[in-house]
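Have a look at the structure that comes next, please.
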Amino acid sequence: MQLSDFDYDLPERLIAQFPPATRGASRLLHLPVPTGLYDRQFSDLPQLLRAGDLLVLNDTRVIKARLYGHKDSGGQIEAMVERVTGQYEVLAMIRASKSPKPGTWLVFGGQWRAQMVARQGEFFQLRFEQPALGVLEAAGQLPLPPYIEHQPDSADAERYQTVFAREPGAVAAPTAGLHFTKDMLATLAQAGVAHARLTLHVGAGTFQPVRVENLAEHRMHHERYVIPEETLSAIAATRARGGRVIAVGTTSLRALEAACRGGDFAEPEGDTDIFITPGYCFRAVDALITNFHLPKSTLLMLVSAFMGYERMRAAYAHAIEAEYRFFSYGDAMLLERI
């Protein structure tokens, strides 16, 4: 398939600039198999899942990954951290009038110093004098997606994190998880729907456009994931009782499917550059909760692989006509696998 196969026209007014007033007060487009398309509310989810199902949540926590500062020589810079690679080191994209050379010292927030150590492709390896996560918390800014036009504020600091976030390292939220409240998870548990956790640190590459028409030429960014032993045990128990494994978000799905590339969860930890397009054979996930994704994005391709290309086109056309809210702060879909 070609990149143009995944384009669609979206009215700008449907791009959600803010979350709903109350967490979880979102709409839900439900696509069961083999056919059907139903307008629901996210609060209907307990009635749509079954006792014995397992939700797999991504517990990554968004870090304050955007930094503003200057070189020792005075030139202004903006750094967007892609990932934390060690206690003192990060990989970052840097915007500056002239790219810093190895050995250049950078100053963020007026006091936090980092040295540019080396280039790694489009990224710069930076080494801070203090622990990197502490510097980001003190001097960084929450990295809202480029299509959200307001500056991050205290409301975003709460609402652009899931209620189950605990492992710092993501530079973008696993947005399907933003709809869940602690009360919703408790209600689901009472109904016999269990949940388990994994960690995939979402990288800035999730927003990078696909620049080639031939999808076979596209190279995915890498993201770090860890699936704990207790989650693997929960998945095995779910399979044994005939339940479904339901990925909450494309990040959870990517981690689960990456873990199965060498066999049945043979790789429960590692870096993944898995690129899922129509024709992919899913091994780990039976249903998916996800938001609506950007035109021509790798996530839209993943969803098309999961639900079927024609079903995707019909679902998105319906969502636009019914004025669902799109992207990170938008509404959700519940998809059952074709």
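Has the range 179-202 got at least one residue that is surrounded by fewer than 20 Cβ atoms within 10 Å (Cβ to Cβ), more than 22 Å from R244 (Cβ to Cβ), in contact with a strand residue (DSSP E or B) (Cβ under 8 Å, 6 or more places away or on another chain) and of a type in the set (D, E, K, R)?
Checked the range 179-202: no residue is surrounded by fewer than 20 Cβ atoms within 10 Å (Cβ to Cβ), more than 22 Å from R244 (Cβ to Cβ), in contact with a strand residue (DSSP E or B) (Cβ under 8 Å, 6 or more places away or on another chain) and of a type in the set (D, E, K, R).
Of all residues in the range 214-239, which are at pLDDT 95 or above, not aromatic (F, W, Y) and not in a helix (DSSP H, G or I)?
Scanning the range 214-239 gives V226, I227, P228.
Do we have any residue at all in the range 15-38 that's over 30 Å from F128 (Cβ atoms), of a type in the set (F, W, Y) and either assigned to a strand (DSSP E or B) or at pLDDT 95 or above (or both)?
Yes, the range 15-38 has at least one match.
Sticking with this structure for a sec: Within the range 306-335, take every residue that is buried (at least 22 other Cβ atoms within 10 Å of the Cβ) and without any contact (Cβ under 8 Å) to a residue 60 or more places away in the chain and give me the one that is nearest to A21 (Cα to Cα).
Across the range 306-335, the extreme among qualifying residues is M312.
Yes/no per residue for (1) charged (D, E, K, R); (2) buried (at least 16 other Cβ atoms within 10 Å of the Cβ):
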residue: E213; (1), (2): yes, no
residue: R219; (1), (2): yes, no
residue: Y225; (1), (2): no, yes
residue: P228; (1), (2): no, no
residue: A234; (1), (2): no, yes
residue: T238; (1), (2): no, yes
residue: R241; (1), (2): yes, no
residue: R244; (1), (2): yes, yes
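Look at the range 182-211 and say how many of its residues are at pLDDT 95 or above and at negative phi.
Count: 19.
Turning to a different aspect of this structure: Has the range 262-269 got at least one residue that is touching a residue at least 12 places away in the same chain (Cβ under 8 Å), out of contact with any Ser or Thr (no Cβ under 8 Å at 6 or more places or on another chain) and within 25 Å of V84 (Cα to Cα)?
Within the range 262-269, one or more residues are touching a residue at least 12 places away in the same chain (Cβ under 8 Å), out of contact with any Ser or Thr (no Cβ under 8 Å at 6 or more places or on another chain) and within 25 Å of V84 (Cα to Cα).
Related question: Condition first: assigned by TED's automatic domain parsing to the domain that holds H30, closer than 26 Å to I15 by Cα and of a type in the set (S, T, Y). Can you find one or more residues in the range 301-311 that meet it?
Yes - at least one qualifying residue is present in the range 301-311.
On the given criteria, is A196 touching a Ser or Thr at 6+ places or on another chain (Cβ under 7 Å) and touching a residue at least 60 places away in the same chain (Cβ under 8 Å)?
Yes, satisfied.
Still on this structure: Check off (1) over 13 Å from I15 (Cα atoms); (2) buried (at least 22 other Cβ atoms within 10 Å of the Cβ); (3) among the hydrophobic types (A, V, I, L, M, F, W, C) for I338 and give me the number that stays unchecked.
(2)
Same structure again: Using the structure shown, decide if A255 is among the hydrophobic types (A, V, I, L, M, F, W, C) and either over 14 Å from the mean Cα position of the chain (by Cα) or not assigned by TED's automatic domain parsing to the domain that holds A204 (or both).
Spelling it out, it is not the case that A255 is among the hydrophobic types (A, V, I, L, M, F, W, C) and either over 14 Å from the mean Cα position of the chain (by Cα) or not assigned by TED's automatic domain parsing to the domain that holds A204 (or both).
Something else now. Look through I338, I274 and report the one residue that is modelled with pLDDT under 95, assigned to a loop (DSSP other than H, G, I, E, B) and touching a Lys or Arg at 6+ places or on another chain (Cβ under 6 Å). Give the steps one after another, and end with the answer.
Details: I338 fails: touching a Lys or Arg at 6+ places or on another chain (Cβ under 6 Å).
Criteria check complete, one pass: I274.
For the range 21-36, enumerate the residues that are in contact with a His (Cβ under 9 Å, 6 or more places away or on another chain) and either surrounded by 15 or more Cβ atoms within 10 Å (Cβ to Cβ) or within 30 Å of T104 (Cβ to Cβ) (or both).
Answer for the range 21-36, where residues must be in contact with a His (Cβ under 9 Å, 6 or more places away or on another chain) and either surrounded by 15 or more Cβ atoms within 10 Å (Cβ to Cβ) or within 30 Å of T104 (Cβ to Cβ) (or both): R23, G24, S26, L28, L29.
Oh, and also: When you scan the range 289-315, how many residues do you find that are touching a Pro at 6+ places or on another chain (Cβ under 9 Å), assigned to a helix (DSSP H, G or I) and over 28 Å from H195 (Cα atoms)?
1
To continue, here is another question. Any idea how many residues of the range 266-306 are closer than 13 Å to T250 by Cα and small (G, A, S)?
So the answer is 5.
The values are calculated or read from the model by the stated rules, or taken from the named source; none is laboratory data. Please read all numbers here as calculations on a predicted model, not as lab measurements. Backbone-built Cβ (ideal geometry, glycine too); neighbour counts: all protein chains shown.
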